[in-house]
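Colleague: For reference, the structure I am asking about is given below.
Nothing in this text is a laboratory measurement; each read-out follows from the coordinates by a stated rule. Just so we're clear, the structure is a prediction, and the values are computed from it rather than from any experiment. Don't worry about glycine lacking a Cβ; one is built from the backbone with ideal geometry, like all the others, and counts go over all protein chains shown.
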Amino acid sequence: MARNPFRPTAGATPPQLVGRHDIVEELTESLEDGPGAPGLLSLFTGPRGIGKTVMLTEAGDAALRQGWVTLSETATPGMVMRLSHATTRALEDVDPSATPRRSITGLTLPVVGGGITVSAPPSTVVDWRYDLGRLLDPLEARGSGLLITVDEVHSAARDDLRDLAATVQHLVREERTIALAMAGLPSSVSDLLNDDVLTFLRRATRFHLDDVPLDHVADALRETVIANGRTIDDDALAEAASATGGYPFMIQLVGYHVWRKATGDRITLAAARAGVPAAQKRLGALVHETALADLSGVDRTYLLAMAHDEAESSTGEIARRLGVTPYYASTYRARLIAAGVVVPTRHGFVDFAVPYLREYLREHGARYEMAGRRTDGSS
Ligand SMILES: Nc1ncnc2c1ncn2[C@@H]1O[C@H](COP(=O)(O)OP(=O)(O)OP(=O)(O)O)[C@@H](O)[C@H]1O
Ligand SMILES: [Mg+2]
């Protein structure tokens, strides 16, 4: 029997990338154009499961096609150290004749007039910058460059991010062929960009990833099914595509479960109708539970109040339901938007940022209501 081609796993490259070809093209052009091109410093933001990690992989693939070298990291403490080691290894690969670095650790700059010694930055960063320069020499000589991708820039590794930003900025100023692509949740990213030391990152080209168009979803589902030896009926395809809501994680979940429910090589409406609820259930466990676990009890109460509505919620009405002032409610609202769970739709209105979260909360609300009370009582 044909193997299931769908990839409902965080970070897994999908069988077909839906709705992001313009971005890939823009990145590719920038790689071709070299130093100064806007896409060489890029930042992907969006809610969980929207495909941020996948876009970093795509950027890496685009770089590889141009003969570039890519170093991929996650923004957790120790990132600069790990990047530094990866740079050394890449240098050995690219130029085996390169002599090992003469350690410039502990370098002291000349005494400046007045007798004040300017202290050197931490030795790792100095060494790393030096090694990056050495790696870029042979890469540039052959007409390519270096891409660094950093995922989860929302997590707490601010010192590492500062060192990274300073290092890359330095190389950019020297017109070296270096690119930096980063990804993170919108909230934490805006926090980060307000940090003065990270001003440089504010110049990054922002790609805010959104849901993808349903007709693209349908095309991709059909093509993936056919490329893997099956067919799908039109009504089944329509049912499956619309159940994804254009949300990338859900494209993989629906594809995967609809494929599983098919009894033969033809995917029928019955298979689609059986696969969709299975996909929704997994979405709850994989995405909603994690997203809700990251929030405080008060924030979850706000979401529960929103779940009473059929569509977008009035923020004034939510405050009334919660029995708090609109001002107080607006602080939860800001936190939820920052966390990528809620989106503002128009002035005074918000909606859920991920599909089926409303349904999930209605079904599992009682559990979160209890947890919310506990948290409220203790804080
Ligand atoms: N453009 C796309 N087309 C089809 N499937 C996609 C697309 N982008 C992502 N996916 C799929 O969606 C799922 C989630 O993608 P990914 O892990 O990149 O999201 P993320 O935004 O990094 O999430 P998180 O914030 O949790 O890290 C994966 O299964 C991936 O294969
Ligand atoms: Mg990710």
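Colleague: Could you grab the relative contact order for the chain? Cα pairs under 8 Å, six or more apart, rounded to a whole percent.
Modeller: 19 percent
Colleague: Could you please state, rounded to a whole Å, how far the C-alpha centre of the range 125-146 is from the C-alpha centre of the range 190-210?
Modeller: Here the answer is 25 Å between Cα centres.
Colleague: Take Arg273 and Asn194, extend 7 Å from each Cα along the Cα→Cβ direction, and tell me the distance between the two endpoints in nm.
Modeller: It works out to 5.1 nm between the two label points.
Colleague: Tell me what the chain gives for mean residue ellipticity at 222 nm when only DSSP H runs of n ≥ 4 count, each as -39,500 (n - 2.57), the sum divided by the residue total, rounded to 500 deg cm²/dmol.
Modeller: On the way: 16 runs with 202 residues, N = 379.
So the helix-based figure for the chain works out to -17000 deg cm²/dmol.
Colleague: How big is the range 129-229 by the Kirkwood estimate over distinct Cα pairs, in Å?
Modeller: Numbers: mean 1/r = 0.0616 Å⁻¹.
Evaluated over the range 129-229, this radius sits at 16.2 Å.
Colleague: Under 5 Å between amide hydrogens, which residues at least 5 positions from Phe44 or on another chain qualify, with H placed 1.01 Å from N in the peptide plane?
Modeller: Result for Phe44 returns Met182, Ala183, Gly184, Phe207.
Colleague: Read phi for every residue in the range 271-282 and hand back ³J(HN,Hα) as whole Hz from Karplus 6.51 cos²θ - 1.76 cosθ + 1.60, θ = phi - 60°, with x for Gly and Pro.
Modeller: My calculation for the range 271-282 gives 5, 4, 5, 7, x, 4, x, 5, 5, 4, 5, 5 Hz in order.
Colleague: Where does the Debye-calculated log10 I(q)/I(0) of the chain sit at q = 0.08, 0.13 Å⁻¹, using only Cα point scatterers of equal weight, no solvent?
Modeller: -0.52, -1.10
Colleague: Where the only charges are on Cβ atoms (+1 Lys, Arg; -1 Asp, Glu), what is the dipole of the range 214-291 about its Cα centre, to the nearest 20 debye? Please list the in-between numbers first.
Modeller: Numbers: 8 positive and 9 negative charges, 75 e Å.
Using Cβ point charges on Lys, Arg, Asp and Glu, the range 214-291 gives about 360 debye.
Colleague: Identify, among Ala338, Leu221, Gln16, the residue whose Cα sits farthest towards the positive end of the charge dipole of the chain, taking +1 on the Cβ of Lys and Arg and -1 on the Cβ of Asp and Glu, with the dipole about the Cα centre.
Modeller: Of the candidates, Ala338 comes out farthest on the positive side.
Colleague: What's the extension gain from Ala293 to Arg203 if we count 0.36 nm per residue and subtract their Cα-Cα distance? Mind showing how you got there, number by number?
Modeller: Values: separation 90, 0.36 × 90 = 32.40 nm, distance 3.25 nm.
So the extension gain works out to 29.2 nm.
Colleague: Sticking with this structure for a sec: Could you quote the convex hull projected area for the range 295-378, Cα atoms only and averaged over all directions, in nm²?
Modeller: 5.0 nm²
Colleague: Is there a quick way to get the dipole size of the range 1-69? I mean about its Cα centre, with the Cβ of Lys and Arg at +1 and of Asp and Glu at -1; what is the value in debye to the nearest 20?
Modeller: Dipole about the Cα centre, nearest 20: 560 debye.
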